[in-house]
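Below you'll find the structure, written out as structure tokens, and then a few comments.
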Amino acid sequence: WKTEVPLEAFPSCAGTGFGHHAGMRTLILPLILTAAATAMADDFPSGAIETARESVVQVFGNGRIKGGGVVMDREGLVLTACHLAEGTNMAFTVEYPDGQRIAALPLAVDVQADLMLLTPTAAVSNATPAAFTRREVEEGQELCCVGPALWEPTVSTYGRVSSPGPRYREFGKLGFCSRFRLYNAMTPQLFSGSPWFTRDGRLAGIQSGYLNNHGNKEMSGLAMVACLEDLKRLVATRKDAATPDLGGIVFELWSADQAHIEGFPDGSEGVLITKQEADGALARAGLPLHALIQSVEGRRVRSRVEFFDALRQVGPGNGVKLGYRVLKTEEPKEAVLTFGSLESAWWAKRYPKEASATP
């Protein structure tokens, strides 16, 4: 995946050269990050990269290379990115480190985290699983990603964790907010699904994509990586996640334009409905476009992280009470939201013939 990111999304970069100059957009940050990554590569333990390569695979879809993945058990179970499944009923093949190519089937997905498990359809010999890092990686920590790029079998790139925790961002036509962490890294084509490793060769994340600079073709130097906790949950349960399918998009109120912010009482916080499908869960609950959601089951929510975390605890099919406001002059209101799951929608769209038999 790739997404455009507006310059104003990085207010802390003011004065760094990441912005507009004399009518032209300049982008110094990626050059800085590339230099930093090169220096880091000299220091990264070679043994960690060798260990990592033993579990890294290539993932093919309908005969064409789609991205990377990582082996998670002795039977050859593979963890990769679910956006590799394009179109309908894509046929996957996995190439393991020793050259074996074996057909594989999707087993379970976490759509919001962009994760998918692939299970081989035949016995895999010499499958070497990766081990998870013992704890969540910290901001500033060095990591290495190994995977296919530019049609090479596997290459390595380096980066640092650049966000303290999960982030949520809308992705164009997808119609929902994806969950990931940001790494300072220049990640090339076909790296989707490739694993990120710590300095001791342990798995910390799965590559989803990268950010683009405000419509330019240039990458911003920020990679989107699935969170460790989401990786662990999917591998441990081998069952679909339960991501809320809202039928719309929400953003933090503070990110809205000033006119929207001034439409609510001073000091208001919450998530603003910025897009809405006519037949989606938000519309069915009676919440209008630009309503400000401020609580879930009486619990205050100020950000997308708090909002989605609260909804994921409830799960699809269950009614959840939302507190919201519409305009400054109106009193707070309540609505009951009942939503489906993005995973069910994913199976129905990507594998309609298999939808009734999904895990």
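The values are calculated or read from the model by the stated rules, or taken from the named source; none is laboratory data. All values derive from a computational prediction rather than experimental measurement. Here the Cβ is made from the backbone with ideal geometry for all residues, glycine too, and neighbour counts use every protein chain on show. Ligands, DNA and RNA are stripped out before the accessible areas are found, and what is left, the full protein with its side chains, is counted by its heavy atoms. Shrake-Rupley method; radii C 1.70, N 1.55, O 1.52, S 1.80 Å.
Quick notes on this one:
- Residue check, Leu211 open to solvent by less than 50 Å² (accessible area, probe 1.4 Å), touching an Asp or Glu at 6+ places or on another chain (Cβ under 9 Å), modelled with pLDDT under 85 and of a type in the set (A, V, I, L, M, F, W, C): yes
- Flag if Leu118 is in a strand (DSSP E or B), in contact with a strand residue (DSSP E or B) (Cβ under 7 Å, 6 or more places away or on another chain), without any contact (Cβ under 8 Å) to a residue 60 or more places away in the chain and open to solvent by 20 Å² or more (accessible area, probe 1.4 Å): no
- Boolean, Ser194 is more than 19 Å from Arg312 (Cβ to Cβ), buried (at least 22 other Cβ atoms within 10 Å of the Cβ) and not hydrophobic (A, V, I, L, M, F, W, C): yes
- Scanning the stretch 233-266 for residues that are exposed (fewer than 14 other Cβ atoms within 10 Å of the Cβ) and of a type in the set (Val, Ile, Thr) returns a single hit, Thr237.
- A single member of Val71, Val59 is among the aliphatic types (A, V, I, L, M), closer than 23 Å to Ser178 by Cα, open to solvent by less than 50 Å² (accessible area, probe 1.4 Å) and modelled with pLDDT of 95 or more, and it is Val59.
- Residues in the stretch 147-170 that are under 18 Å from the mean Cα position of the chain (by Cα) and either of a type in the set (Gly, Ala, Ser) or surrounded by 16 or more Cβ atoms within 10 Å (Cβ to Cβ) (or both): Gly147, Gly159, Arg160, Val161, Ser162, Ser163, Gly165, Pro166, Arg167, Tyr168, Arg169, Glu170.
- Restricting the stretch 284-308 to residues that are touching a Phe, Trp or Tyr at 6+ places or on another chain (Cβ under 7 Å) and under 8 Å from Val271 (Cα atoms) leaves a set whose member that is most open to solvent (accessible area, probe 1.4 Å) is Gln294.
- Of residues in the stretch 74-89 being open to solvent by 20 Å² or more (accessible area, probe 1.4 Å) and either in a helix (DSSP H, G or I) or at positive phi (or both), the one modelled with the lowest pLDDT: Gly87
- Those residues of the stretch 317-327 which are open to solvent by less than 50 Å² (accessible area, probe 1.4 Å) and either touching a residue at least 40 places away in the same chain (Cβ under 8 Å) or aromatic (Phe, Trp, Tyr) (or both), in sequence order: Tyr324, Arg325
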